[in-house]
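Below: the structure, in structure tokens.
The values are calculated or read from the model by the stated rules, or taken from the named source; none is laboratory data. Predicted model, so just to flag it, every value in this text is computed and none were measured. Note that we place each Cβ from the backbone using ideal geometry, even for glycine, and neighbour counts take in every protein chain shown. Please note that ligands, DNA and RNA were not included when accessible areas were found on the heavy atoms of the full protein model with its side chains. Shrake-Rupley method; radii C 1.70, N 1.55, O 1.52, S 1.80 Å.
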Amino acid sequence: MSISERQKEIIDAAGKILTQSGISGLTTKNLAKEMGFSEAAIYRHFPSKEAIILAMLGFLRSNMDSRISEVNQSLGVEERFRAIFSSQFSFFTQNQHFVVAVFSDGLWEESGQVNQAILALMQTKMRYLLPLIQEGQSQGLFKSSISSEQITHIVMGAFRLHMFKWRVSGFSFDLVSSGHELIDSILEVIKK
């Protein structure tokens, strides 16, 4: 997804508002105030609040796709598995507003397009995780008594719950170290 530098600034400001005030606080008036310019200037870059949220989710999906695709394929399965999640935890530590964008109360009900963007985000991660789990199963590293699809759901569910916990705690714990503990636990559960 290609966005201008100004659009990225608006997305970041919208994320800051979401973090502080939730979805109800994300108005073009508040966004213009945060950015220090008129509401009309916002509309030159985005036609609506929904378009801003969609751009935020699209940017996150594109960024995640880029980061995960750069994981060194010569690493072993377990190392690549860890690298995918390390990348996620590091990114979200530096960009908390993207966690808020995915877990804002009411955001999922905002529109069908927003729901589709969130689904596309999950599918992007699954596109990397599912084949990795299948590879781990074929090498005898991961349990094969559970389908690769179910292991993927378990892993992604644990990740999402951890991210949600971090968000509702007000980002009060170290996501990187707690995330690594989570990944260690997940690997302990799925390994043979």
Discussion item. I need every pair where a residue in region 29-49 that is under 15 Å from residue 9 (Cβ atoms) has its Cβ under 6 Å from the Cβ of a residue that is of a type in the set (Ser, Thr, Tyr), sequence separation at least 6 or different chains.
Written reply: 32/38; 42/28
Worksheet entry | Tally of residues being open to solvent by less than 70 Å² (accessible area, probe 1.4 Å) and either without any contact (Cβ under 8 Å) to a residue 12 or more places away in the chain or of a type in the set (Val, Ile, Thr) (or both) across region 166-182 | 5
Item to complete: State whether one or more residues within region 183-190 are open to solvent by 90 Å² or more (accessible area, probe 1.4 Å) and within 16 Å of residue 88 (Cα to Cα).
Response: no
Worksheet item: For the subset of region 114-147 comprising residues that are open to solvent by less than 30 Å² (accessible area, probe 1.4 Å) and under 19 Å from residue 75 (Cβ atoms), which member is modelled with the lowest pLDDT?
Response: 125
Practice prompt. Test residue 8 against the criterion of being open to solvent by 50 Å² or more (accessible area, probe 1.4 Å), part of a helix (DSSP H, G or I) and closer than 25 Å to residue 124 by Cα, and give yes or no.
Written response: no
Discussion item. Only one of 75, 31 is open to solvent by 60 Å² or more (accessible area, probe 1.4 Å), touching a helix residue (DSSP H, G or I) at 6+ places or on another chain (Cβ under 7 Å) and at pLDDT 90 or above. Can you tell me which?
Written reply: 75
Discussion item. Residue under question is residue 96, and the condition is that it be surrounded by 17 or more Cβ atoms within 10 Å (Cβ to Cβ) and within 12 Å of the chain's Cα centre (by Cα); does it hold?
Written reply: yes
Worksheet item: Do we find a residue being over 18 Å from the mean Cα position of the chain (by Cα), open to solvent by 30 Å² or more (accessible area, probe 1.4 Å), farther than 13 Å from residue 81 by Cβ and not aliphatic (A, V, I, L, M) anywhere in region 149-165?
Response: yes
